[in-house]
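Read through the structure below, which is laid out as C-alpha cells, and then see the notes.
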Amino acid sequence: MGEYVYAQSWQRLLDQAGQPKAMSLASAGPGSGSGSGELKHSAKPWSDAAGTAHSLQTDTAKVKGTLATAHTGAEAGTAGLASMAALKSVLTSWETRLTAVHTECGSVEPILRRTAFAQGEVDAGVKSALAQYSAPAGKGR
C-alpha cells in the first residue's frame, strides 16, 4: 500500500510539472541564441587556436632576434649613462617575457591539436555506437 501512495504522489508532481522535454544543454537550445537545439562539435576552434599558438611561437622567436639585433652596438659611446642601464633592463625584461610566451605557446599547441583530434574521435565513436539503435528492426540489432 505504501509504495502505491508513494507512486501516486510522484505522479501528481510529474503531472504538475508537465510533459518532460528532451534533455538539452543551456548552450545548445534554441533559446540560447542561434543554436539548432543540438550540441555540435567542431575541431575548427581547437585547430585555429593551435595555429595561433604556433604563429605566436614563431613570431616571438623572430621578434626576440630582431630586438637583440636592434640593441647590438647600442653601448658604444654610452659608458656610464643611466639611460643605457635602463635600456639593458628593458631588453632583459622583454627577452624574459618573449621567452615565456614562446615556451607557453610551444607547450599548448600540441595539447590543442590533440584535443581537436580526440573530440572528433569521441564523436565518431558515439555516432558509431548509437547507429545500431537507429537501424531498422532486424538490421544491426
What number comes out for the charge environment of L81, summing +1 per Lys or Arg and -1 per Asp or Glu over other residues with Cβ under 13 Å away? 0
Cross-link partners among aspartates and glutamates for K44, C-alpha distance below 15 Å, same-chain residues fewer than 8 apart left out? E109, E121, D123
Can you give the net charge of the other residues whose Cβ lies under 15 Å from the Cβ of I111, counting K and R as +1 and D and E as -1? -1
Residues other than T96 with Cβ under 13 Å of its Cβ, Lys/Arg counted +1 and Asp/Glu -1, net out at +1
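Coordinate-derived values only; no laboratory data. Remember, predicted model here, so these are calculated numbers, not experimental data. No Cβ is skipped: glycine too gets one built from the backbone with ideal geometry, and neighbour counts run over all protein chains shown.
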